[in-house]
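Peer 1: Just dropping this structure here.
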Amino acid sequence: MQLCFWRLVLVFIAVFCFSGSIWAMQSPSALAYENPDLLPAIFTPVVDLAKSLPDPQEEKLVRELEQFETDTGWKLRVLTQYDRTPGRAVIKYWGLDDKSILLVADSRGGNILSFSVGDAVYEFLPRTFWIELQTRFGNLYFVREQGEDQAILQALDSVKGCLLKGGCNVVPGLPREQWILTLITSAVGGVICGFAAQPRNDKQVFAWQWALIFSPLWGILFIAFGIGPVVTRTSDWLPLVRNISAFLIGVLVAYLSPVFSRPSSSHES
């Protein structure tokens, strides 16, 4: 009987602690879920609660977004937050609709940027565009080097530029990190192609049949991952020439590798 009593006490304590932890974790977000008091009384397209933008920069951004809305009809809105957030109150405050794009900057997560996009926007900027935009400008490395303000401003510039030219499937521009990745995949594709093309007998000079068999592999690495991201993001010819050169060098090195591995004639004698 006494054992059952202490067992009930332990169960009660466990349930109480579990309920208390849930309340502790959820109560701040519940209080900040919708708080219109945080919004300014005067309408502005930029609400900088986290003070991520210097005042002159914020004033300039406000003028640019207002002018952009006047010229194109697209609503671009910016909300920065840290500890408190107005939550869904921004929908009524800004009158967000199908032609609205809301950028939210919150440094509490691994990526500071998130986007809320109207349905009409997806006709010009697909979902993959927003994922790439978030990962390119909102990652911690970019924010650490460039700052939160540049993450916000450059993301907005990409959106405005794409809307002005009628839409984009990818984010314009080729960051150095992404170009290095395309260079590596181009070189690896060339190595695979070179190994596949090595002659299998003395009468064969180039094993084009094997190179053709392995073409789906080296073709994906070179064309899809090495060339595709470059030509779709920039018109600069230099990264393209470097990737093609890396592919050809990879082919040459892999193709000639048996020659370097053969023992010299003096060593054989």
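Peer 1: Looking at the stretch 201-218, is at least one residue touching an Asp or Glu at 6+ places or on another chain (Cβ under 8 Å) and at pLDDT 90 or above?
Peer 2: no
Peer 1: Does A197 satisfy the criteria of being at pLDDT 90 or above and either open to solvent by 30 Å² or more (accessible area, probe 1.4 Å) or within 27 Å of S158 (Cβ to Cβ) (or both)?
Peer 2: no
Peer 1: Which one of I223, I192 is open to solvent by 80 Å² or more (accessible area, probe 1.4 Å) and among the aliphatic types (A, V, I, L, M)?
Peer 2: Testing whether each residue is open to solvent by 80 Å² or more (accessible area, probe 1.4 Å) and among the aliphatic types (A, V, I, L, M) leaves just I223.
Peer 1: Then there is this: Could you list all residues from the stretch 79-126 that are of a type in the set (S, T, Y) and more than 20 Å from C162 (Cβ to Cβ)?
Peer 2: T80, Y82, T85, Y93, S107
Peer 1: Are any residues in the stretch 117-141 in contact (Cβ under 8 Å) with a residue 24 or more places away in the chain, of a type outside the set (G, A, S) and under 19 Å from L174 (Cα atoms), and if so, which ones?
Peer 2: L125, P126, T128, F129, E132, L133, T135, R136, F137, N139, L140
Peer 1: Which of the residues belonging to the stretch 142-184 are open to solvent by 40 Å² or more (accessible area, probe 1.4 Å), farther than 18 Å from V230 by Cβ and touching a residue at least 24 places away in the same chain (Cβ under 8 Å)?
Peer 2: If the condition is that a residue be open to solvent by 40 Å² or more (accessible area, probe 1.4 Å), farther than 18 Å from V230 by Cβ and touching a residue at least 24 places away in the same chain (Cβ under 8 Å), then E148, L164, G166 are the ones that fit.
Peer 1: Consider K92 carefully, then state whether it is touching a strand residue (DSSP E or B) at 6+ places or on another chain (Cβ under 8 Å), assigned to a helix (DSSP H, G or I) and among the basic types (K, R).
Peer 2: Here the answer is no, as K92 does not meet what is asked.
The values are calculated or read from the model by the stated rules, or taken from the named source; none is laboratory data. In this text the structure is predicted, and so the values were computed from the model without any measurement. Counting neighbours? That spans all protein chains shown, and the Cβs are built from the backbone with ideal geometry, glycine included. Protein only, heavy atoms only, side chains kept; ligands, DNA and RNA dropped before computing areas. Shrake-Rupley method; radii C 1.70, N 1.55, O 1.52, S 1.80 Å.
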